[in-house]
Amino acid sequence: MNCRKIVKSLENSIREISRGLSLLPLASIDLSSNISEDIKILCDNMEKAELRAASAEEEILEKIESGMQDMTVDRSYANNLLLRKDQAEAIQMEQIISLLERADAASSPKEREIKYFTKRKSLGTQPLEPLQSFYCPITRDVMVDPVETSSGHTFERSAIEKWFAEGNNMCPLTMTPLDASILRPNKTLRQSIEEWKDRNNMITIASIKKKLESDDEEEVFCCLEQLQDLCEQRDVHREWVIMEDYIPILIELLCSRGREIREIKSRVLVILCLVARDSDHAKERIASVDNAIEVIVGSLGRREMKLAVRLLLELSKDSSIRDRLGKVQGCILLLVTMSRGDDIQAAKDAEELLDNLSFSDQNVVQMAKANYFKYLLQRLSSGPEDVKMTIATALAEMELTDHNKASLYEGGVLDPLLHLIEHVDIQLIILELA
């Protein structure tokens with residue numbers, strides 16, 4: 001998955017070494033002219049070096065990119081890649097799985113929803129126990145990466161590799177000699193395991209929803225814990241959560257009160273953040289729930305504020321939600337307060353969210369009223385003339401403390417204000433700041 005990133009990193013490292021060598025004072029070192037010349041040639045070659053991933057990796061990446069560009073992202077296309085690259089399967093399986101998942105992403109949300117419910121209704125309501133063949137004979141756990149040895153038996157890759165590393169060269173089951181260099185990915189078994197997991201996970205996600213309406217707070221918390229775990233596993237699980245219409249229920253839980261509700265709210269905010277991540281559709285679904293944005297903003301004033309600001313930061317990547325956030329009463333004041341708090345990560349997230357909201361002049365004025373002058377000073381220094389006047393006028397109407405005035409002066413407010421002196425009204429502003 002990361003072959004090109006690794007190649008680029010190696011190229012950068014080689015160039016850094018080259019620049020380091022070129023800084024050596026070769027003239028002052030007792031070296032022969034031949035060695036000095038060789039070092040210069042080496043530096044030049046390293047500076048120009050270009051690396052490429054192995055041809056097998058590059059070919060699969062090019063095929064995947066070509067498929068994405070041409071929208072040829074159906075399952076038959078991915079299957080062809082699997083067949084052509086059988087020998088590279090162990091390295092590239094994650095890319096193929098990603099391609100298969102993105103094949104679904106190429107269809108509309110409505111089409112995916114119809115497809116999901118058609119499949120889900122055909123599965124029944126009870127999870128299935130794993131087949132005996134799904135278990136690794138060494139770990140006794142369901143396998144994730146099953147590989148077949150030279151004896152024909154299948155084990156979890158990490159388990160059999162550890163078996164070999166400990167000096168064993170006999171099959172753990174038959175005690176016949178094994179060739180440690182032969183570990184063939186058992187694709188058929190892996191696919192069966194994945195299908196079994198998908199089936200059970202789909203049933204589980206569908207069944208948890210009703211339990212979240214329970215009056216038993218401990219049961220609700222356990223269900224949320226299970227739901228969070230599923231959301232963390234795969235993108236498709238998060239999409240299933242959206243399709244099952246969990247978002248209104250999760251927002252409702254944020255409004256609840258009870259002895260254990262603080263832990264429940266924290267868990268809900270984590271799940272919403274996972275669901276919203278990298279999904280415009282999910283962000284829109286969250287924002288479409290009545291008072292959802294206001295409820296999340298309300299959490300900024302509670303103990304779960306760190307999780308709330310992280311969720312709002314994710315939601316603010318959607319322009320329509322960003323427009324709404326600044327208009328929620330108390331939102332900017334709470335963010336300014338958090339940006340000056342002791343929690344480093346929360347303060348950083350709050351500052352980043354304030355930056356996202358600074359697109360609006362009205363939001364900038366609200367920040368200034370909360371004694372956060374960073375973007376007001378930027379507008380006065382580099383904004384269009386009409387914006388400068390709007391901001392300057394708003395500044396004149398504020399009730400500023402001596403500390404505020406000192407902060408503005410240190411931030412360089414006088415120069416842009418003096419630049420606007422040709423406007424009559426600006427004199428009132430300067431007098432106000434005096």
Positive-pole candidate from V387, A368, M305, dipole of the range 276-434, charges at beta carbon: M305
Within the range 311-383, DSSP-loop chymotrypsin sites (Phe, Trp or Tyr not before Pro) with at most 15 other C-beta atoms within 10 Å are F359
Among 11-21, 382-392, 313-323, how do they line up from the highest to the lowest mean number of other beta-carbon atoms within 10 Å? 313-323, 382-392, 11-21
Starting with the highest mean, order 145-155, 280-290 by the number of other Cβ atoms within 10 Å, averaged over the residues of each peptide. 145-155, 280-290
Students often get this wrong, so check it: of K119/K210; K121/K197; K8/K162; K5/K306; K121/K210, which have C-alpha atoms separated by over 22 Å? K8/K162; K5/K306
Cβ charges +1 (Lys, Arg) and -1 (Asp, Glu), total dipole of the range 261-419, debye: 540
Leaving ligands, DNA and RNA out of it, work out the accessible area of K119 with a 1.4 Å probe and give it in Å² to the nearest 10. 100
Under Karplus coefficients 6.51, -1.76 and 1.60, residue-wise ³J(HN,Hα) of the range 166-183 in Hz, glycine/proline x: 7, x, 7, 10, 10, 5, x, 9, 9, 6, 9, x, 10, 8, 5, 7, 9, 9
Local charge sum around S360 (other residues, Cβ-Cβ under 13 Å, Lys/Arg +1, Asp/Glu -1)? +1
Using Cα positions and a limit of under 30 Å, work out the lysines in reach of K388, with same-chain residues fewer than 8 apart set aside. K317, K327, K348, K369, K374, K405
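The values are calculated or read from the model by the stated rules, or taken from the named source; none is laboratory data. Every value quoted in this text rests on a predicted model; they were computed, and no experiment measured them. A quick note on method: Cβ atoms are made from the backbone with ideal geometry, for glycine too, and the neighbour counts reach across all protein chains shown. When the accessible area is computed, the model is the full protein with side chains, heavy atoms only, and any ligands, DNA or RNA have been set aside. Shrake-Rupley method; radii C 1.70, N 1.55, O 1.52, S 1.80 Å.
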